[in-house]
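See below for the structure under consideration.
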Amino acid sequence: MTTSIYLDNNATTPVDSRVVAAMLPWLAGAFGNPSSIHAAGQRARGALEAAREETAASLGCSPREIVFTSGGTEADHLAVQGAFLSRGATGLVAIGATEHPAVVAAARALEARGAAVRILPVDENGVVSLDALDTALAEGARLVSVMWANNETGVLAPLEAIAARCRAAGALFHCDAVQAAGKVVIDLRQVTIDLLSISAHKFHGPKGAGALFVRRGVALAAQQPGGHQERGWRGGTENVAGAVGLGRALSLALAELPEADSRQLAFRQRFIKAALAAGGHLNGANAARLSNTLSVSWAGLSGEALVIALDLAGIATSSGSACAAGSTEPSPVLAAMGVAPALAKGALRISLSRMTTEEEVVLTEQVLPEVVARLQAPGRKSPA
Ligand code: PLP
């Protein structure tokens, strides 16, 4: 059966048709290079700068504080490596224990160049320890990176508290907001984040288009040198259509956020009920979470088997496990939360979007318990 119900929106989202319409003129027809001085180039420059203004307006910052990138991964590297290296290659960088691999890799790259890396633990709900942050800051951490919302569990970080502590200690604060942008209100006038990463394909925009907010006065060492573009911080001809799509997608997501949020909350509640009734364990249950994300585990089941069985029933979801060389490793996010390996291996992530419908929820509510029961049936091999 081909998939007809898409509940894997934290992996990526379908592009909104209004976003496609905004992008099309910059793919066909008006194809100029924004660096060219002729009219075609200047039209493209105009579109790029309008996209920067639209993006900045959605985030509560100045257009000059937006650097377009190829996505969240690049924005994370530019923030963590670029900001740290511009302050010298030594010292302490502190990251949350459940960060995306892009942030982890950026911190490890700094470690290879002489920096010390501190992993800030999270509690059983996935919330980063402020005590550990205080200790790292007292020891002179120069850069802190903590994600706004976790991609697997949807758990939200205590951002104001983290930002205030970093500011008071003189450390830079980078926030990976790839899963938060378009799903919560981000107002950079209200919270003292220095660097913030977003990625268009997580909020019904195109893949390969991201942005990094760089607060005025924060210096960066370019991670992709070789051109004057993006104030020299990110060389390479700009993805004009991608930037236009990002700006439009973010405005649309914010305009529709209140309605989407309450609908998703209601849907998520129904999924939680169905999953708990089927013996599931809710991960991050006691933390504030994104309304669109649900992580549930079944001891003795394999998350991968759940995903495959649901896919065969036409429902696309995700497991909390990273599949490497044929063996499923429990998710590092759940491991950091202290979720027992047997439970962590049986994790299922359901992630909704504003496009999720009532019919899709009704069908999934029915199918999920059936799939769980079938996989739990005696005689089925449980994961090693
Ligand atoms: N950060 C988080 C929290 C993510 O969930 C993702 C994508 O899954 C990324 C960064 C990477 O974003 P991109 O796919 O745009 O490189």
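The values are calculated or read from the model by the stated rules, or taken from the named source; none is laboratory data. No experiment lies behind these values; they were computed from the predicted model shown. Here the Cβ is made from the backbone with ideal geometry for all residues, glycine too, and neighbour counts use every protein chain on show.
One residue stands out among those in segment 200-219 that are farther than 22 Å from Thr12 by Cβ and among the basic types (Lys, Arg): the one that is farthest from the chain's Cα centre (by Cα), which is Arg216.
Kindly indicate whether Val103 is touching a His at 6+ places or on another chain (Cβ under 9 Å) and either within 12 Å of the ligand (Cβ to nearest atom) or part of a strand (DSSP E or B) (or both). Working first, answer last.
Numbers: touching a His at 6+ places or on another chain (Cβ under 9 Å): yes; either within 12 Å of the ligand (Cβ to nearest atom) or part of a strand (DSSP E or B) (or both): yes.
Criteria met by Val103.
With respect to the conditions (1) charged (D, E, K, R); (2) surrounded by fewer than 24 Cβ atoms within 10 Å (Cβ to Cβ); (3) within 16 Å of the ligand (Cβ to nearest atom), Asp76 falls short on a single one, namely (2). Within segment 194-219, the residues that satisfy the criterion of being more than 15 Å from the ligand (Cβ to nearest atom) and buried (at least 22 other Cβ atoms within 10 Å of the Cβ) are Asp194, Val214.
Condition check for Arg52 on (1) under 17 Å from Ile193 (Cα atoms); (2) in a helix (DSSP H, G or I); (3) in contact with a Phe, Trp or Tyr (Cβ under 9 Å, 6 or more places away or on another chain): one failure, at (1). Of all residues in segment 92-111, those being surrounded by fewer than 20 Cβ atoms within 10 Å (Cβ to Cβ) and either polar (S, T, N, Q) or in the same structural domain as Ala336 (by TED's automatic domain parsing) (or both) number 0. The requirement of being more than 16 Å from the ligand (Cβ to nearest atom) and surrounded by fewer than 16 Cβ atoms within 10 Å (Cβ to Cβ) is fulfilled somewhere in segment 139-153, by at least one residue.
Would you check which residues across segment 122-135 are within 14 Å of Ile162 (Cα to Cα) and under 24 Å from the mean Cα position of the chain (by Cα) and list them? Steps first, please.
Applying the first criterion (within 14 Å of Ile162 (Cα to Cα)) to segment 122-135 yields 122, 127-135.
Val122, Val127, Val128, Ser129, Leu130, Ala132, Leu133, listed by residue number.
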